[in-house]
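Working notes for the structure below.
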Amino acid sequence: MDVGVVYPQTELRGDPDAVRQIGRAAEDLGFDHILAYDHVLGAVHADRARPLTGPYDEHDPFHDPFVLFAYLAGITQRIQFTTGVLVLPQRQTALVARQAADVDLLSGGRLRLGIGVGWNYVEYEALGQDFATRGVRQEEQIALLRRLFTEPVVDFSGRFDRVDRAALVPKPTRSIPIWLGGASEAAFDRAARLADGFIFFAGGIDQAVDAWSEMRDRLRRIDRPVGDFGADYVARPQGGIDQLTAEIDAWREAGGTHVSVATTGLGLTTAEAHTDYLAKVADGLSHANGT
């Protein structure tokens, strides 16, 4: 099972040195991937007739994940990169294809494209996209992305996008894996039909294990091989290193393929504090595995 880390950008205030420090430390400590969340804008929550339901506001910093990963690709050798998740329907499909292809090419095939529909309607409006149709648009975008990644010339007419006999050049050397993330029944259903894997976020390890079991049942019902479908659990620290390693072991026992360790919410305010915590996690995992 691959073990990675979540880049804790909301706690590092956009510090560019922290990107370098944590990126290199994650690779040096033996972690397999870095996962980055995505928001283009943070919106004020107060005094809105339609409440914003997510946890982030105008004070929370986010780097663009494609730019973040392109930078990290140049200073690392091995570690993989995962968007977890890119809010795809608020972005232009062809542009995402270009950005993802370049990150994958420049990193030597190290990108996993995790996508979701998001919750911030203010962000959608600012980017000129319709929040209400985000789910159905995402389905169309997945199909178009895969064609752009693989076909010499694409002629596509959909509800949201038109590509009139055009090509993505240079292409990635493979069809970049597309994973979904979220916590809704609609997201689970869409992933079972269309995705290469799923990123489980909410509710802790027990809920994630149950959701993964249900996802495997969905796959079997539509005759998709479970072994070809990935499962990543975002582990949030709650009760110390021992509890975290126990959650990782439980996810491995449940057949999970990836786990991403978050270090937010622990009062760590510097890159050094986050890397020190990750070193303890790596040490704890090493002892738990008897190495």
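The values are calculated or read from the model by the stated rules, or taken from the named source; none is laboratory data. What you see is a predicted model, and the numbers here were worked out from it, not measured in a lab. Quick reminder, even Gly has a Cβ in these numbers, built from the backbone with ideal geometry, and neighbours come from all protein chains shown. With ligands, DNA and RNA removed, areas are computed over all heavy atoms of the protein, side chains included. Shrake-Rupley method; radii C 1.70, N 1.55, O 1.52, S 1.80 Å.
Computed on the Cα atoms alone, the convex hull of the range 206-257 gives a volume of 62 cubic angstrom per residue.
Between Val226 and Val136, full extension at 0.36 nm per residue minus the direct alpha carbon distance yields a gain of 30.0 nm. The range 67-91 and the range 103-121 have Cα centres lying 6 Å from one another. If the segment from Ala49 to Asp189 were pulled out straight at 0.36 nm per residue, it would be longer than the present Cα-Cα gap by 47.3 nm.
Residue-normalised convex hull volume from the C-alpha trace of the chain: 135 Å³ per residue. With contributions of -39500 (n - 2.57) from each DSSP H run of at least four residues, the per-residue ellipticity at 222 nm computed over the chain stands at -13500 deg cm²/dmol. I'd like the orientation of helix 65-75 relative to the chain: the angle between its Cα long axis and the longest Cα principal axis, in ° from 0 to 90, rounded to 10. Taking Cα atoms only, the helix is inclined about 60 degrees.
Projected over all directions and averaged, the alpha-carbon convex hull of the range 191-235 occupies 2.8 nm². Any chance you could tell me what percent of the C-alpha pair distances in the range 16-68 go past 15 Å? In whole percent, the share of Cα-Cα pairs in the range 16-68 beyond 15 Å is 60. Site-free segments of the chain were taken between trypsin sites (Lys or Arg not before Pro) in DSSP loops having at most 16 other Cβ atoms within 10 Å, sites themselves excluded; the longest one is 175-291.
Please report how far the C-alpha centroid of the range 181-195 lies from that of the range 259-287, rounded to the nearest whole angstrom. The range 181-195 and the range 259-287 have Cα centres separated by 29 Å.
Please report the carbon-and-sulfur percent of the accessible area for the range 54-154; probe 1.4 Å, protein heavy atoms only, DNA, RNA and ligands left out. Whole-percent figure for carbon plus sulfur exposure: 56. For the chain, the longest principal axis of the alpha carbon atoms and the long axis of helix 185-194 meet at an angle near 70°.
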